[in-house]
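Report on the following structure.
Please treat every number below as a calculation from the coordinates, not as lab data. Remember, predicted model here, so these are calculated numbers, not experimental data. Cβ atoms come from the backbone with ideal geometry, glycine included; neighbour counts cover every protein chain shown.
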Amino acid sequence: MAGDKRDVLVVGARKPVLVKGLESNVNLHFLLEAKDRDAFIAEVGPKIGAMAVVHGGLKIDGAFLSRFPKLEQVSNFGVGYDHIDAKWAGEHGIIVTNTPDVLNEEVADTALGLLLCTVREFPQADRYLRTGAWPDKPYRLTQGTLRDRTVGIVGMGRIGKAIAKRLDAFGVPVVYHSRNPQDVTYKYYPKLLDMARDVDTLMIIVPGGAATLNMINAEVFKALGPRGVVINMARGTVIDEPALIEALKSRTIFSAGLDVFAKEPQVPKELMEMDHVVLLPHVGSASEHTREAMDQLVVDNILAWSAGKPPLTPVAETPYPPKK
């Protein structure tokens, strides 16, 4: 009976995998379809037990979460969940889940593609050909190559390890910086600046949030030096964007490849006007195959909750079972 089903709020669109996987098991309520969201929340809020967050544009903070007194779980689409106040959720008995692992390989593939495009100027070469300039003279030899580079990975988590594995296959030396040493054979740098001085390429894949805000700053760019290349697959907020723009303008560093930006989808005009950078519209995991796998993990976490089973992928701030 419909009345026996538990109620789930969907913050996002009617994604086919999500709807198909959940509609026969729970009652779905779609926040973004409501004409008056405040009135809608007032009506359905008291009965919502779980939330599927598949739209990153809405801040899921304590003020928002407190409007759902029976809320037990927030299932987030994506590995990053800095738009959700997981600390507040944990303090109020709410489990937050995300979608790790299913996107590791796709993001790592994109990271290597972005690195190659940035160092070897493939997008610029494509544009050169399309202008009809090739018959007059060949595209210039690129200054950049992977053959003489050392990559410092900032964040040796699941995706960082997948990136490092690919760099191994390319014959590119890898070192890393993270909060703690990992069970890997690569050299560990406790201090980011020390690593930046010793490498010429940074690949960034750390979580967003206050702890990593502007961690890649002017001091890091200066340490990286004029051959320096910065690849960001993390969150735009991890890089001090004005400092990056200045470092690129002044040639303090050589180039940057960016899949993320501080205020997406807005991209600074200064970056778009530069020809020595490569910019992607946050497509790290954006294949149909991987996005469907992420959708399915959101579904599976909610189905586990509705069946009274433990969450599959709780985040660190809301462990299961809860810490005493």
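How many nm is it between the label spots at D101 and V44, if each spot is 7 Å from the Cα in line with the beta carbon?
About 3.0 nm, to one decimal.
How would you rank S255, S66, going from fewest to most other Cβ atoms within 10 Å of each one's own Cβ?
S66, S255
About the Cα centre, and with charges only on the beta carbon of Lys, Arg (+1) and Asp, Glu (-1), how big is the dipole of the chain? Nearest 20 debye, please.
So the magnitude is around 380 debye.
Once the chain is represented by equal point scatterers at the alpha-carbon sites, with solvent omitted, what log10 I(q)/I(0) does the Debye formula produce at q = 0.13 Å⁻¹?
After summing over all Cα pairs, the log10 values are -0.98.
Alpha carbon centre of the stretch 55-69 versus the stretch 224-261: separation in Å?
Comparing the Cα centres of the stretch 55-69 and the stretch 224-261, I get a distance of 32 Å.
So if R0 is 30 Å, what FRET efficiency would F170 and A63 give, r being the distance between their Cβ atoms, rounded to the nearest 0.05?
0.05
Order by neighbour count: K35, K15, K187, K249, fewest other Cβ atoms within 10 Å first, most last.
Exposure proxy ranking, most exposed first: K35, K249, K187, K15.
Using Cβ contacts closer than 10 Å as the measure, can you line up W88, W305 from fewest to most?
W88, W305
Tell me what the chain gives for mean residue ellipticity at 222 nm when only DSSP H runs of n ≥ 4 count, each as -39,500 (n - 2.57), the sum divided by the residue total, rounded to 500 deg cm²/dmol.
Here the helix-only value at 222 nm equals -9500 deg cm²/dmol.
Restricting things to Cα coordinates, could you compute the convex hull volume per residue of the stretch 83-124 in Å³?
Residue-normalised Cα hull volume stands at 88 Å³.
If R₀ is 56 angstrom, what is the calculated FRET efficiency for the pair E292 and K137, using the beta carbon separation as r and rounding to 0.05?
With a Förster radius of 56 Å, E is 0.80.
Which angle from 0 to 90°, rounded to the nearest 10, does the C-alpha axis of helix 158-170 make with the longest principal axis of the chain?
The helix 158-170 is inclined about 30 degrees to the chain.
Go through the stretch 117-171 and name the trypsin sites (Lys or Arg not before Pro) that are in a DSSP coil and have 16 or fewer other Cβ atoms within 10 Å of their Cβ.
Hits after loop and neighbour filter: R140, R147.
For helix 288-306, report the angle its Cα long axis makes with the longest principal axis of the Cα atoms of the chain; keep it between 0 and 90° and round to the nearest 10°.
Helix 288-306 sits at roughly 30 degrees to that axis.
Among A89, L22, L146, whose Cα sits farthest toward the positive end of the charge dipole of the chain (+1 at Cβ of Lys/Arg, -1 at Cβ of Asp/Glu, about the Cα centre)?
In the chain, that residue is L146.
List every residue whose amide H lies under 5 Å from the amide H of F261, counting only residues 5 or more places away in sequence or on a different chain, with H placed 1.01 Å from N in the peptide plane.
Placed amide hydrogens put G236 under 5 Å from F261.
Treat each spin label as a single point 7 Å out from the Cα along the C-beta direction, and report the E33 to K20 distance in nm.
Roughly 1.8 nm, to one decimal.
Please list, in order, the residues from the stretch 232-262 whose amide nitrogen is less than 18 Å from a point placed 7 Å along the Cα→Cβ vector of D126.
Those under the cut-off are 232, 256-260.
Computed on alpha carbon atoms, what radius of gyration and Dmax characterise the stretch 104-279, expressed in Å?
15.8, 53
Which one of P310, P242, N217 has its Cα pushed farthest toward the positive end of the charge dipole of the chain, where Lys and Arg give +1 and Asp and Glu give -1 at the Cβ?
Checked the options; the winner is N217.
Hey, can you rank 94-105, 36-47 by average C-beta count inside 10 Å, highest first?
In decreasing order of mean packing, 94-105, 36-47 become 94-105, 36-47.
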